[in-house]
Amino acid sequence: MSDPFAGETRSFFAVRLEPTLGGCGTALVTPFNADGSVDEGALAALAEWQVEAGIDFLVPCGSTGEAQTLDDAERVRVVEVVVAAARGRVPVVAGATNNDTRRAVAETRRMCDAGADWILSAAPYYNRPTPPGLVAHFTAVADASSRPVMLYNIPGRAAVNLAAPTVLELARHPRLRAIKESSGDLRQVMHLLSARPSGFLVLAGDDWIAAAVGLLGGDGLVSVTANVVPSLMRSLVQAAIAGRAAEAQALQWRLLPLMEALFLESNPGPVKAAVAMLGRGGEVPRLPLVVPTEATRAAVRAELARLGALA
């Protein structure tokens, strides 16, 4: 049987994958109004500030964006707002994750229609599929997508690990073009970097390993911390990718205390508090998350002040 995507794939890659994704992207928070609705104005302004600060790509509707507490219409609208704010200056990588493969496929199609440049698809949470199930799930998502897809390995939330052999099998699919690696396992990252096919991107998903992954040959970072210090985070990532080890190390050590403060409680509670301290959006997350404790807020504020971000 002929491949129904064969002709589309050739023209699609010529348009969509040059230049390729890489560098430092921001896993955007989703600001809310006092009534709990999405604050579209604050979201657009945050995206604009990120682009002006030099960030390389934007990632709405991920874990940091509280995507699983947004309904279908809200998720589409968040991506539309970010796409409009980006105005084609940087790629927009839209989260499209569900533990029901049918819903993940439908979400992927909606995000493509909303104007996303890439799709970010995390391992199905709660179900704990085996490797063959993961391959079948992500193949269905990729087959449904008209955009390249970035896998998202986050076993701390999904309760399943996308191990290197599974990722490398998936990387044969023409639309599965990258992975955001949030396992925290550098050995696993190294296995991916040493065996990946040409053109397959490996990005860190944890801020505290950004320098290490970049210096090992990785392609960038999807960052939480970049919500509040985008220029510094981009400088860190670019130094690591370019092999400027001393510079990357110095920036990693300088930023590490802020990174740690932003994870004193469940993400995105502390980073939303930090965004609010900068006057760039409301701090209240949706239940079951709540506003961080005063101790966490004090730690975050102290680190922002130390870096000069509050000025």
**Report entry** Top-ranked residue in region 54-92 [being of a type in the set (A, V, I, L, M) and under 23 Å from Phe263 (Cα atoms); ranked as surrounded by the fewest Cβ atoms within 10 Å (Cβ to Cβ)]
**Finding:** Leu70
**Report entry** Residues that are free of Cβ contacts under 8 Å to residues at least 12 places away in the same chain and part of a helix (DSSP H, G or I), drawn from region 114-146
**Finding:** Pro132, Gly133
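Somewhere in region 265-288, is a residue outside any helix (DSSP H, G or I), free of Cβ contacts under 8 Å to residues at least 40 places away in the same chain and aliphatic (A, V, I, L, M)?
Within region 265-288, not a single residue is outside any helix (DSSP H, G or I), free of Cβ contacts under 8 Å to residues at least 40 places away in the same chain and aliphatic (A, V, I, L, M).
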Report task. Among residues belonging to region 126-160 that are buried (at least 21 other Cβ atoms within 10 Å of the Cβ) and touching a His at 6+ places or on another chain (Cβ under 9 Å), point out the one that is farthest from Cys112 (Cα to Cα). Result -> Phe138
Query raised in the report: Does any residue of region 280-300 turn out to be of a type in the set (A, V, I, L, M), under 22 Å from Glu52 (Cα atoms) and open to solvent by less than 40 Å² (accessible area, probe 1.4 Å)?
Result: no
Report summary line: Considering residues that are in contact (Cβ under 8 Å) with a residue 60 or more places away in the chain and touching a Phe, Trp or Tyr at 6+ places or on another chain (Cβ under 9 Å), the number found within region 147-174 is 6
Query raised in the report: Tell me, which residue of region 203-225 that is assigned to a loop (DSSP other than H, G, I, E, B) and among the aliphatic types (A, V, I, L, M) is least open to solvent (accessible area, probe 1.4 Å)?
Result: Val224
Query raised in the report: Which of the residues belonging to region 161-202 are open to solvent by 50 Å² or more (accessible area, probe 1.4 Å) and either closer than 24 Å to Leu258 by Cα or assigned to a strand (DSSP E or B) (or both)?
Result: Asp185, Leu186
Report task. Kindly list, by first and then second residue, each pair from a residue in region 191-217 that is among the aromatic types (Phe, Trp, Tyr) to a residue that is open to solvent by 60 Å² or more (accessible area, probe 1.4 Å) and part of a helix (DSSP H, G or I), limited to pairs with Cβ atoms under 9 Å and residues at least 6 apart or on different chains. Result -> Trp208/Glu260
Report task. Scan region 98-122 residue by residue and report those that are more than 16 Å from Arg175 (Cα to Cα) and touching a strand residue (DSSP E or B) at 6+ places or on another chain (Cβ under 8 Å). Result -> Ala114, Gly115
Query raised in the report: Of all residues in region 37-53, how many are assigned to a helix (DSSP H, G or I), polar (S, T, N, Q) and open to solvent by 10 Å² or more (accessible area, probe 1.4 Å)?
Result: 0
Report task. Please specify each residue of region 58-72 satisfying the condition of being within 25 Å of Arg89 (Cβ to Cβ) and either of a type in the set (Gly, Ala, Ser) or not in a loop (DSSP other than H, G, I, E, B) (or both). Result -> Leu58, Val59, Gly62, Ser63, Gly65, Ala67
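The values are calculated or read from the model by the stated rules, or taken from the named source; none is laboratory data. The structure presented is a predicted model; accordingly, all values stated were derived computationally and were not measured. Because the Cβ atoms are built from the backbone with ideal geometry, glycine has one as well, and the counts that use them run over all protein chains shown. Only protein heavy atoms, including side chains, enter the accessible area calculation; ligands, DNA and RNA are left aside. Shrake-Rupley method; radii C 1.70, N 1.55, O 1.52, S 1.80 Å.
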